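All remarks here apply to the structure that follows.
The values are calculated or read from the model by the stated rules, or taken from the named source; none is laboratory data. What you see is a predicted model, and the numbers here were worked out from it, not measured in a lab. Methodologically, a virtual Cβ is constructed for each residue, glycine included, from the backbone with ideal geometry; neighbour enumeration extends over all protein chains shown.
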Amino acid sequence: MPSGIVVALAAWLSAGALMLLSARLLGPHPDPLWQVLGAMGAAAAACVLTLWGARLPAAANGFALPRAAAWILAVAVGIAGLLSSLLAATLVFALFGRPEGVQPVERVVGELFARYGFWGTVLLAAVLPGIVEEALFRGVVLSALRRHWPDGLAIAVSSLAFALLHLDPWRFLPQAVLALLLGWLTVRSASCLPAMLAHAVHNALVLGLVHAGL
């Protein structure tokens with residue numbers, strides 16, 4: 001069986017490479033639906049290929065069914081993640097100012113709202129990323145790193161990897177803060193499944209604020 005560090009690095013690099021390939025194939029002005037599906041498909045493919053290539057059982061990588069209480073904790077973590085990421089974003093804006101113009105994420109979300117409504121956007125930009133990104137980062141990357149490193153270090157490194165892969169300097173700190181909470185939840189519940197729910201709750205709340213114009 002490959003080293004856990006090698007597995008984590010392979011998952012991260014393959015996800016990044018596949019996302020860049022997807023973006024290249026879609027061109028400079030991609031359809032927002034295909035942009036989301038391309039990025040999530042790349043992350044899902046990296047997750048599956050890593051598990052298959054390393055011959056790793058899913059249950060050993062954070063995909064075990066957690067206790068019922070973990071789902072309640074997941075909702076609380078999703079709400080705490082929203083508050084924490086908003087505070088982190090406020091700090092970034094206070095230190096460096098706000099970015100000029102419409103950011104890529106804002107453009108995609110705006111077009112998704114216009115085409116698919118609120119609930120369609122929640123499905124595409126909250127539920128889908130919650131499942132796919134957590135399977136990759138907490139299910140594969142974090143679990144692999146924990147085989148060699150203490151939980152705190154593994155959570156920190158996987159959180160930085162998560163934030164870096166989004167390729168957005170303005171969202172780096174909020175994403176890293178959210179990932180720290182999701183990593184803690186995964187370790188506490190011995191499963192990445194509650195983190196999927198927490199991630200989806202966080203994203204859905206963010207979309208709700210955007211939809212409300214806040």
Is it fair to say residue 23 is surrounded by 19 or more Cβ atoms within 10 Å (Cβ to Cβ), in contact (Cβ under 8 Å) with a residue 12 or more places away in the chain and either acidic (Asp, Glu) or within 23 Å of residue 115 (Cα to Cα) (or both)?
no
Can you tell me which of (1) modelled with pLDDT of 90 or more; (2) within 29 Å of residue 145 (Cα to Cα); (3) not aromatic (Phe, Trp, Tyr) is the one residue 23 doesn't meet?
(1)
Among the residues of the stretch 75-88, are any in a helix (DSSP H, G or I) and more than 18 Å from the chain's Cα centre (by Cα)?
yes
Might you check whether a residue that is more than 18 Å from the chain's Cα centre (by Cα), over 22 Å from residue 41 (Cα atoms) and without any contact (Cβ under 8 Å) to a residue 40 or more places away in the chain occurs anywhere in the stretch 155-174?
no
Given 160, 180, 165, 153, which one is under 17 Å from residue 86 (Cα atoms) and in contact with a helix residue (DSSP H, G or I) (Cβ under 8 Å, 6 or more places away or on another chain)?
180
Take residue 126 and tell me if it is at pLDDT below 95, surrounded by 13 or more Cβ atoms within 10 Å (Cβ to Cβ), of a type in the set (Gly, Ala, Ser) and under 28 Å from residue 18 (Cα atoms).
no
In a helix (DSSP H, G or I), among the β-branched types (Val, Ile, Thr), within 17 Å of the chain's Cα centre (by Cα) and on the phi < 0 side of the Ramachandran plot, is that true of residue 48?
yes
Return yes or no: is residue 75 of a type in the set (Val, Ile, Thr), farther than 27 Å from residue 169 by Cβ and in contact (Cβ under 8 Å) with a residue 60 or more places away in the chain?
yes
Out of contact with any strand residue (DSSP E or B) (no Cβ under 6 Å at 6 or more places or on another chain), surrounded by 14 or more Cβ atoms within 10 Å (Cβ to Cβ) and either part of a helix (DSSP H, G or I) or not polar (S, T, N, Q) (or both), is that true of residue 114?
no
Restricting attention to the stretch 158-214, and to residues there that are of a type outside the set (A, V, I, L, M, F, W, C), touching a Leu at 6+ places or on another chain (Cβ under 7 Å) and under 13 Å from residue 129 (Cα atoms), which single residue is surrounded by the fewest Cβ atoms within 10 Å (Cβ to Cβ)?
202
Elements of type helices (runs of 4 or more DSSP H) contained in the stretch 125-214, each with 3 or more residues being more than 23 Å from residue 65 (Cα to Cα):
151-165, 172-189, 193-211
Exactly one of 87, 83, 95 is modelled with pLDDT under 95, surrounded by fewer than 14 Cβ atoms within 10 Å (Cβ to Cβ), under 22 Å from residue 159 (Cβ atoms) and of a type outside the set (Phe, Trp, Tyr), and that residue is 95
